[in-house]
Number of protein chains: 2
Amino acid sequence: MTFDLLATDTNSSARAGLITTDHGVIETPIFMPVGTVGSVKAVTQVQLMDEVNAQIILGNTYHLYLRPGTSILEQAGGLHKFNGWNRPILTDSGGYQVFSLAANRKIKEEGVVFQSHIDGSRHLFTPESVINTQRSIGADIIMAFDECPPYPSEYIYAKKSMELTHRWLARCVAAMGQTEPKYGYEQSLFPIVQGSTYRDLRQASAEYVAEMDCDGNAIGGLSVGEPEQMMYELSALCCEFLPVYKPRYLMGVGTPWNILENIALGIDMFDCVMPTRNGRNGMLFTTQGVINIKNKKWANDFTPLDEGLDCPTSRFYTKAYLRHLFVAGEFLGLTIASIHNLAFYLHLVKQARIHILQGDFTPWKNEMVHVYKQRM
Amino acid sequence: MTFDLLATDTNSSARAGLITTDHGVIETPIFMPVGTVGSVKAVTQVQLMDEVNAQIILGNTYHLYLRPGTSILEQAGGLHKFNGWNRPILTDSGGYQVFSLAANRKIKEEGVVFQSHIDGSRHLFTPESVINTQRSIGADIIMAFDECPPYPSEYIYAKKSMELTHRWLARCVAAMGQTEPKYGYEQSLFPIVQGSTYRDLRQASAEYVAEMDCDGNAIGGLSVGEPEQMMYELSALCCEFLPVYKPRYLMGVGTPWNILENIALGIDMFDCVMPTRNGRNGMLFTTQGVINIKNKKWANDFTPLDEGLDCPTSRFYTKAYLRHLFVAGEFLGLTIASIHNLAFYLHLVKQARIHILQGDFTPWKNEMVHVYKQRM
């Protein structure tokens, strides 16, 4: 995997770059749709390519490990072959879901013992095992196993948690070195900065992570309930201590304005369930602002969902029709809203990239955060 | 609307024809996907055109009348404009849903009083009102208001019900003559043969319907629980007394083999929720037979869903992946199964048409009913 830094904004730390993987290139800044169990919910692979213009998608190791399981994925020849997605895939390490979904989890030095949220079966994730699982999934980008402390966390807990994450990281790096890709293409490991909301911990963690000299680096444990301003300050701090010439991935963030502000701070990669999850609840992000499509005001609005997007779905369907589908509880509404929101997120990062390259990112960003935030 | 009869099979009553409407032509025999409230469940309009190759879809007057309602549909300029489907649309009269879904329905000479299954609100459907509603929806083919008696029905009830349906038909024909299309294109009325399982009633009803000299004719009240053989006998009887040079529509039928057998009897048009409803439950109809995709045997079957179809969805996705989506409860599974099953139904009638035109329909049909029926 290589990362070419093509341009940096003069008035902010925003960057435009190009990540090259064995499954193709990724233009940064980029948003990665979340494909939890190997499918981006309610969206087909063709729609992801042709309507959303997704360049890379995410898979969740915890979910894929439980279903369909690594045996099926290996027999298929990896997740790309299994779900037919031929572009890059990133997998998380499973750590986040172990803490948010699984039952009776117990953290030890060795790893985490937990029970499946599906059938209660008992499992152990270790740094070595999650590297192996991600080798079997065949992700282009593999995430290190970490503990994501909740917000707020006591300093002493945050420090111990970060130190455990660092020891696990060293084991992940070693495990990567001792194993080979299973399907003939390269897999890159990204370590994760933790440290909760404490600036000294965040700096120490970013420095430790930077020393690992991996292909790219991630920031975890933000957007977990802390105030927005605090997230921005900690993201900026982490970026300061992470290498310039490697991609920076801010995990699980966020709203369109969160993404724009973090691009300004030097973040290159984002993922979030918000466009699909909120879409399924009728919340649309558009180039004009935020829409609750279930609102009665859209009942006879026969204008397209969003004429500001190239996405055929956003231009074909009207607000009145989509509102009708939501009111009637039709499956098609979930699909249309998901495609539209994802297309908007990909449009957002593409526009940011264009403005970084042409040198007017900051004034554009300052205007757009207000436009995109407004309720319609 | 015109109907051109292009060929009749020498060994059966199967026919190939062409229906021409103001929204385009329909090659018969044809299957019409059901778009209950203005959407074919879980399938986009683009998928219906490009993957399923649907030539005409159905809308349910009862559902559309309740949601979004005729006011919204009129403001949109009709259902074609509202949902973006530019090819022909047929609407049922609402009669069937009034009897199967609504509460506290009361049949009078004037029409049917019922309560909405959604909010309990009280409504009256009359022959005149359902013609007006279908004018507002803007269907290319409008169905007459009928009573569909349950199976089994006593002779005396079936006879009275048929006579009421006939009086309502006369009022529908009159209402059609006294009203105009609302959107500048032609709308055709199809009357419906009833008479339950009684041969003399079916004959009388088919003769009465034939006398109305409408653009096409339908057979209702079959496939409501009677034995398959009885359905075929009654369908054949109705076809005998319905005009040769007008399309014949068998409502709500059925399995792939039901469709093939009824094509052999002289039916030109079909609709059924089976491909979409059964698809959402994991039952796939394929060119090799019937599949329960949730079965464990498909867990590591990495062959395409159905290589015998042109449909990109059926060729792109594997049985193992679709099984995984169903086991994991992913929305995408519903979409893939629905598209595949609809594509199979359209493939079925297209193949039937090809074999009618080339003169070997009967031996092909006799082989295929066995192939399509077998459980895989």
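Observations on the structure shown:
- Reachable lysines, given that their alpha-carbon falls under 23 Å from the alpha-carbon of B:Lys373 and they are not under 8 places away in the same chain: B:Lys294, B:Lys296, B:Lys297, B:Lys319, B:Lys350, B:Lys365
- Computed extension length for A:Gln178-A:Ile107: 23.1 nm, one decimal, from 0.36 nm per residue of separation with the Cα-Cα distance subtracted.
- Hypothetical label at B:Met49: residues of region B:71-103 whose amide nitrogen lies under 19 Å (7 Å Cα-Cβ projection): B:77-90
- Given in Å, the Rg to one decimal and the Dmax to the nearest whole number for the Cα atoms of the protein assembly as shown are 29.8, 91.
- The modelled label-to-label distance between A:Thr362 and B:Tyr185, using points 7 Å beyond Cα along the C-beta direction, is 5.5 nm.
- Alpha-carbon Rg/Rh ratio, for chain B, with Rh computed the Kirkwood way: 0.96
- Probe 1.4 Å, accessible area per residue of region A:47-168, Å²: 37 Å²
- In the calculated pair-distance distribution of region A:55-118, the portion above 18 angstrom amounts to 42 percent of the Cα-Cα pairs.
- Solvent-accessible surface, computed for protein heavy atoms with a probe of 1.4 Å, shrinks by 10 Å² or more for the following residues of region A:64-110 when the other protein chains are added to the isolated chain: A:Arg67, A:Pro68, A:Ile72, A:Gln75, A:Ala76, A:Phe82, A:Asn83, A:Gly84.
- Computing FRET efficiency as 1/(1 + (r/R0)^6) for B:Arg199 and B:Asp119, where r is the C-beta to C-beta distance and R0 is 56 Å, gives about 0.85.
- The distance separating the Cα centre of region B:237-316 from that of region B:140-212 comes to 27 Å.
- Inter-copy label distances at B:Asp22, shortest first and taken from points set 7 Å along Cα to Cβ: 6.0 nm.
- Amide H to amide H distances under 5 Å link B:Asp92 with B:Gly59, B:Thr61, where only residues 5 or more positions off or on other chains count and H is placed in the peptide plane.
- Here the simple spin-label model places points 7 Å from the Cα toward Cβ, and for A:Thr2 and A:Phe316 these points are separated by 3.9 nm.
- Under 18 Å from B:Lys160, Cα to Cα: aspartates and glutamates that are on another chain or at least 8 residues apart: B:Glu109, B:Glu110, B:Asp146, B:Glu147, B:Asp200, B:Glu207
- Minimum 30 Å² accessible area buried by the other protein chains, region B:281-326 residues, probe 1.4 Å, relative to alone: B:Asn300, B:Phe302, B:Phe316, B:Tyr317, B:Tyr321, B:His324
- Mean residue ellipticity, 222 nm, helices only, the protein assembly as shown: the sum of -39500 (n - 2.57) across DSSP H runs of n ≥ 4, divided by residue count and rounded to 500, is -13000 deg cm²/dmol.
- Per residue, region B:239-376 exposes 35 Å² of solvent-accessible protein surface, assessed with a 1.4 angstrom probe and all protein chains in place.
- Highest average packing first - A:98-106, A:12-20, Cβ atoms within 10 Å: A:12-20, A:98-106
- Most to least accessible of B:Tyr198, B:Tyr245, B:Tyr96, A:Tyr185 (protein chains only, probe 1.4 Å): B:Tyr245, B:Tyr96, B:Tyr198, A:Tyr185
- Here the simple spin-label model places points 7 Å from the Cα toward Cβ, and for A:Asn281 and B:Val290 these points are separated by 4.1 nm.
- Relative to the longest principal axis of the Cα atoms of chain A, the long axis of helix A:331-358 lies at roughly 80 degrees.
- Computed from protein heavy atoms with a 1.4 Å probe, the total accessible area buried between A and B is close to 3100 Å².
- Normalised alpha carbon radius of gyration of region B:1-153 [divisor 2.2 N^0.38 Å]: 1.14
- For B:Cys272, solvent-accessible area (1.4 Å; no DNA, RNA or ligand), Å²: 10 Å²
- For region B:44-71 and region B:321-347, distance of Cα centres in Å: 19 Å
- Kirkwood estimate for region A:233-363, i.e. one over the average of 1/r between Cα atoms, Å: 15.8 Å
- Chain A: angle of helix A:199-211 to the longest principal axis, Cα-based, in degrees nearest 10: 70 degrees
- Within 10 Å of each Cβ in A:197-210, the average number of Cβ atoms from other chains: 0
- Carbon-plus-sulfur accessible fraction, chain A (probe radius 1.4 Å, protein heavy atoms only): 50%.
- R0 of 56 Å, Cβ-Cβ distance A:Tyr232-B:Glu74: FRET efficiency to nearest 0.05: 0.65
- Calculated label separations, B:Gly359, copies of the chain, 7 Å along the beta-carbon direction, nm: 7.7
- Peptide B:47-55 - average C-beta neighbours from other chains (10 Å radius): 1
- Cα long-axis angle, helix B:361-373 against chain B (0 to 90 degrees, to the nearest 10): 70 degrees
- Largest accessible area first, the residues A:Val173, A:Val34 order themselves as A:Val173, A:Val34 under a 1.4 Å probe with ligands, DNA and RNA left out.
- Computed over region B:98-186, the convex hull of the alpha-carbon atoms projects to a mean area of 6.5 nm².
- Per residue, the Cα convex hull of region A:129-286 amounts to 127 Å³.
- Convex hull volume per residue for region B:105-154, taking Cα atoms only, in Å³: 119 Å³
- Packing, as the average of other Cβ atoms within 10 Å across residues, places the peptides B:126-137, A:136-147 in the order A:136-147, B:126-137, highest first.
- The protection proxy used here, the mean number of other Cβ atoms lying within 10 Å of each residue, ranks peptides A:318-324, B:332-338 as follows, highest first: B:332-338, A:318-324.
- Nearest-10 value in Å² for the accessible area of B:Asp360, using the 1.4 Å probe: 50 Å²
- Residues whose amide H falls under 5 Å from that of B:Ile219, counting only those 5 or more places apart or on a different chain, are B:Val193, B:Tyr249, B:Leu250, B:Met251, with hydrogens built in the peptide plane.
- Across the identical copies, how the B:Arg277 labels are spaced - nm, sorted shortest first, 7 Å along Cα→Cβ: 3.5
- Environment charge of B:Thr362, counting only residues whose C-beta is closer than 12 Å and scoring Lys/Arg +1, Asp/Glu -1: -3
- Alpha-carbon Rg with Dmax, taken over region A:20-87, Å: 12.1, 34
The values are calculated or read from the model by the stated rules, or taken from the named source; none is laboratory data. Just so it is clear, the structure is predicted and the values come from calculations on it, not from any experiment. Backbone-built Cβ (ideal geometry, glycine too); neighbour counts: all protein chains shown. Heavy atoms of the whole protein, side chains included, go into the accessibility calculation; ligands, DNA and RNA do not. Shrake-Rupley method; radii C 1.70, N 1.55, O 1.52, S 1.80 Å.
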